[in-house]
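Below is one structure; the comments refer to it alone.
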Amino acid sequence: MILVLGGAGYIGSHAVKMLIDAGESVVVVDNLETGHIEAVNKAAKFYQIDIRDEQAFDKVFKENKIEAVLHFCANSLVGESVGLPIKYFENNVGGTINVLKLMEKYDVKKIVFSSTAAVYGEPKVVPITEENETLPTNPYGESKLMMEKMFKWADRAHDIRFVSLRYFNVAGADPSGSIGEAHGVETHLIPLILQVPLGQRDFITVFGDDYPTKDGTCIRDYIHVVDLIDAHLKALAYLRADGLSQIFNLGSGDGFSVREIIEVARQITGHPIPEKAAARRAGDPSTLIASSEKATAILGWKPKHTQVETIIRDAWAFHKSHPNGYKPV
Ligand SMILES: NC(=O)c1ccc[n+]([C@@H]2O[C@H](COP(=O)([O-])OP(=O)(O)OC[C@H]3O[C@@H](n4cnc5c(N)ncnc54)[C@H](O)[C@@H]3O)[C@@H](O)[C@H]2O)c1
Ligand SMILES: O=c1ccn([C@@H]2O[C@H](COP(=O)(O)OP(=O)(O)O[C@H]3O[C@H](CO)[C@H](O)[C@H](O)[C@H]3O)[C@@H](O)[C@H]2O)c(=O)[nH]1
């Protein structure tokens, strides 16, 4: 049984679907704070539990023979984390302490979890390898770095093997169009752009057009959620083959500016999508591009959906069919 924590969220719900498609048995834990029960594949067993509630969480390990954990639970709004650091440490670090306690108690030795490019802060060298210095510029990134460190020590003491995956900008949706990104508070560029052709927003705001980049707007490395989960499946296989604990970057290895993304969205939706330049958003690094060579070398992972057109087309298919997310239209 694979335990997916945060399996009702955007990325976790894709993991649940792809694990089930691969023939795995899955149990999901989610408190539905930002997740949606409608996103959880029906073939998975579901517990509505907060992982900070150790007693309730213990029951999941008692009632199921857990072989490995995929851990997606977190609060993940960079801006919010600056004003509410304790919330981020309490949930992201505090929740993970319970994950470790119960893994140790029930002798579960394998975990794959979500880390982030935000652990690097403003990178010194691009493309960013795992060797880059980790200097987070916000509490969200710091909380993920703290999680990585906790796992390192738990491995040494209790032989709990982990794979930490540092995601860059995750986007897109399952090609079936049945699940996708539906955050109550949306901050991510692609779903915000798509709200314009949906008639929910008049224009997209470009945060800063005076960066030292080709068109003055920030450059990011967008990775299709299906490729991202494929890396999780490969990480699980790696741990099953007795692989040692590792940290991997996950990106497509290509950078796109905010303006390039808006232009592709115009082509795909056929909508003019007006844009308005505004001040820079605090804490945004100018360019984030991943080197995922280590994941390719050790996990044998290579992203397949590297065209931003594919990423935006799949996101658009979901948003068109779910204009209110999982809420009824
Ligand atoms: N979306 C991105 O681009 C991105 C980039 C880097 C890292 N990440 C990380 O990936 C993971 C998933 O991100 P997402 O975009 O799917 O977010 P999400 O908010 O959609 O998913 C998180 C899920 O965890 C659940 N959850 C949170 N705290 C919980 C708790 N204490 N107990 C039980 N359930 C809890 C939420 O209800 C939600 O369903 C997060 O850890 C995030 O930090 C995301
Ligand atoms: O309305 C918007 C929204 C975003 N942007 C810009 O678009 C780019 C991408 O922004 P996102 O909010 O989509 O993504 P981030 O790069 O800020 O954040 C992502 O990468 C971070 C690592 O730095 C974390 O991992 C985080 O969880 C993940 O969502 C940024 O330059 C941002 O300033 C706009 O111009 N207008």
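Observations
- Alpha carbon centroid spacing (whole Å) that separates the stretch 1-18 from the stretch 238-303: 21 Å
- Note on surface exposure: ILE190, ILE37 rank ILE37, ILE190 by accessible area, highest first, 1.4 Å probe.
- Over all other residues within a Cβ to Cβ distance under 12 Å of ALA22, the charged ones net out to -1, with Lys and Arg as +1 and Asp and Glu as -1.
- Per-residue surface analysis assigns LYS302 an accessible area of about 140 Å², computed on protein heavy atoms at 1.4 Å probe radius.
- Expected 222 nm ellipticity per residue - DSSP helices of 4 or more, -39500 (n - 2.57), all of the chain, to 500: -11000 deg cm²/dmol
- When the chain is treated as a GNM with alpha-carbon contacts under 10 Å, the residue of GLY12, GLY199, GLY180 showing the greatest mean-square fluctuation is GLY199.
- When the Cα gyration tensor is reduced to axis lengths a ≥ b ≥ c, the ratio a/c is 1.5 or higher for the stretch 1-86, and with a/b not above b/c it is classed as oblate.
- Remark: the chain carries 42 Å² of accessible area per residue (probe radius 1.4 Å; ligands, DNA and RNA excluded).
- Rg/Rh (Cα only; Kirkwood hydrodynamic radius) as it applies to the stretch 191-260: 1.16
- For the chain, the spread of Cα positions along the three principal axes, ordered from largest to smallest, is 55, 45, 38 Å.
- Pairs of Cα atoms nearer than 8 Å and 6+ residues apart set the relative contact order; for the chain it is 18 percent.
- P(r) tail, the stretch 197-329: Cα-Cα pairs separated by more than 17 Å, 67% of all pairs.
- Share antiparallel - DSSP beta bridges, the chain, percent rounded to 5: 5 percent
- At least 15 Å along the helix axis (C-alpha) and Kyte average at least 0.5, DSSP helices within the chain: 10-21, 225-240
- Inter-label distance, nm, simple model (7 Å from Cα along the C-beta direction), GLU38/THR296: 3.9 nm
- Taking a sphere under 12 Å around the Cβ of GLU130 and counting the other residues whose Cβ falls inside, with K and R at +1 and D and E at -1, yields a net charge of -2.
The values are calculated or read from the model by the stated rules, or taken from the named source; none is laboratory data. For clarity, every value in this text was computed on a predicted model and none was experimentally measured. With ideal geometry, Cβ positions are generated from the backbone for all residues, glycine too; neighbour counts draw on all protein chains shown. In case anyone asks, the SASA skips ligands and DNA or RNA and just uses the protein heavy atoms, side chains included. Shrake-Rupley method; radii C 1.70, N 1.55, O 1.52, S 1.80 Å.
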